[in-house]
1. I need the full set of residues from the stretch 209-218 which are near the ligand (Cβ under 8 Å from one of its atoms), part of a strand (DSSP E or B) and over 15 Å from the mean Cα position of the chain (by Cα), in order please.
2. Of the numbered conditions (1) in a loop (DSSP other than H, G, I, E, B); (2) buried (at least 24 other Cβ atoms within 10 Å of the Cβ); (3) not basic (Lys, Arg), Gly116 fails exactly one; give the number of that condition.
3. Would you check if Ala219 is at pLDDT 95 or above and out of contact with any strand residue (DSSP E or B) (no Cβ under 8 Å at 6 or more places or on another chain)?
4. How about the stretch 219-321: which helices (runs of 4 or more DSSP H) wholly inside it have at least 2 residues that are buried (at least 21 other Cβ atoms within 10 Å of the Cβ)?
5. Can you find a residue in the stretch 258-267 that is closer than 17 Å to Ser82 by Cα and touching a strand residue (DSSP E or B) at 6+ places or on another chain (Cβ under 6 Å)?
6. Out of Ala267, Ala288, report the one residue that is within 20 Å of the chain's Cα centre (by Cα) and over 21 Å from Ala67 (Cα atoms).
7. Is it the case, given these coordinates, that Leu346 is surrounded by 12 or more Cβ atoms within 10 Å (Cβ to Cβ) and not in a helix (DSSP H, G or I)?
8. What are the residues in the stretch 322-336 that are surrounded by 13 or more Cβ atoms within 10 Å (Cβ to Cβ) and out of contact with any Leu (no Cβ under 7 Å at 6 or more places or on another chain), if any?
Amino acid sequence: MTVMEQRGAYKPTPPPAWQPRTDPAPLLPDARPYRVLGTEAAAQADPGLLRRLHAELVRGRRYNAQATALTKQGRLAVYPSSTGQEACQVAAALVLEDRDWLFPSYRDTLAAVARGLDPVQALTLLRGDWHTGYDPREHRVAPLCTPLATQLPHAVGLAHAARLKGDDVVALAMVGDGGSSEGDFHEALNFAAVWQAPVVFLVQNNGFAISVPLAKQTAAPSLAHKAVGYGMPGRLVDGNDAAAVHEVLSDAVRHARAGGGPTLVEAITYRVEAHTNADDATRYRGDAEVDTWRDHDPIVLLEHELTERGLIDDSGIQAARDAAEAMAADLRERMNQDPPLDPMDLFAHVYAEPTPQLREQQAQLRAELAAEQEGPHR
Ligand SMILES: Cc1ncc(C[n+]2csc(CCOP(=O)(O)OP(=O)(O)O)c2C)c(N)n1
């Protein structure tokens, strides 16, 4: 058959049937952040849980204030406060079982403390020590992570490995809105969805990545919408409503545990204080904006609900404040003691087998320290 004859015989056919691999509709987030407090859904909330959340929020707020004060007293090198974000912090810790894992960022000290970490040990890194300060395996809290979003692939790897081994473990990984622009965020969510790993991603959208507002960070309708592109459900929640965050995260943990795969939760909240004690937030935002968010404070919202429903009285509120004060006093006292630091420790845990250069430097430092002990040089 000639080419012309072949062409004549060609009959256009439709392409093979195509349909979306999953229905995108159930993966889409709600049009508005989910709320419980101040709505009809609040009647369904467990009073014991609400009181527990309240006590933890009050303790968390006090912890933030105390840690910030310690930076001003020179007892702590840096502190990224989560004041205003306590509902996310506390709920993230409370929804996990002991066997699960939490993967926090540098801002999530409170979540680590709410999970049971010693309040002083949780500040080790921020105190300027070169070690994490706690055994991650003890409370199943990964090291507070400073490189943005790198904790996310770690969480996915751990959760996937646990599943392969048949261990019932869910990993909850926390990240900021700025962190959602990192390549690690993309890689983690993509792998998690492809592997159906039991992971919950919690993005605390607190409005800013240091001085960069969300509008300069993304053009997506919401960060929760990004979930659809990976093939996992996205949920939007009011991040200052502790009951709502707890419910949404609990649902996501249950879904992951049952083999349903990962969920991306975007909690809409606000960083009331500066990025850290080293930042001046007045250079990039006005007081009016901050005041609007102070009116939507997580503790005020929950206290209002509890008192309206007669679930707490003044003495209950006072008891929560007294417990927080006792924690702060203990934190202050212990942070005012100098930690025993051995300069030689700098060389420990770097390599299983120290390199010749490290050994040389180690010997040099040892000699310098010994000379110092002998007194000043003449
Ligand atoms: C990979 C990487 N790039 C840059 C930084 C510097 N950095 C520290 S915090 C921060 C902003 C992060 O903002 P966001 O993720 O929204 O978290 P938030 O601090 O608001 O909790 C940046 C850019 C970093 N720590 N890691």
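The values are calculated or read from the model by the stated rules, or taken from the named source; none is laboratory data. Here the structure is a predicted model, which means the values were calculated and not measured. Counting neighbours? That spans all protein chains shown, and the Cβs are built from the backbone with ideal geometry, glycine included.
1. Val212
2. (2)
3. Yes, satisfied.
4. Correct list: 226-230, 242-257, 298-308.
5. Step one: filter the stretch 258-267 for residues closer than 17 Å to Ser82 by Cα, giving 266-267.
Now narrow it down to the ones that are touching a strand residue (DSSP E or B) at 6+ places or on another chain (Cβ under 6 Å): 266-267.
Yes, there is a match, as at least one residue in the stretch 258-267 is closer than 17 Å to Ser82 by Cα and touching a strand residue (DSSP E or B) at 6+ places or on another chain (Cβ under 6 Å).
6. Numbers: Ala288 fails: within 20 Å of the chain's Cα centre (by Cα).
The match here is Ala267.
7. The answer is no for Leu346.
8. Of all residues in the stretch 322-336, those surrounded by 13 or more Cβ atoms within 10 Å (Cβ to Cβ) come to 323-325, 327-328, 330-332, 334-335.
Within the stretch 322-336, Ala323, Ala324, Glu325, Met327, Ala328, Asp330, Leu331, Arg332, Arg334 meet the criteria.
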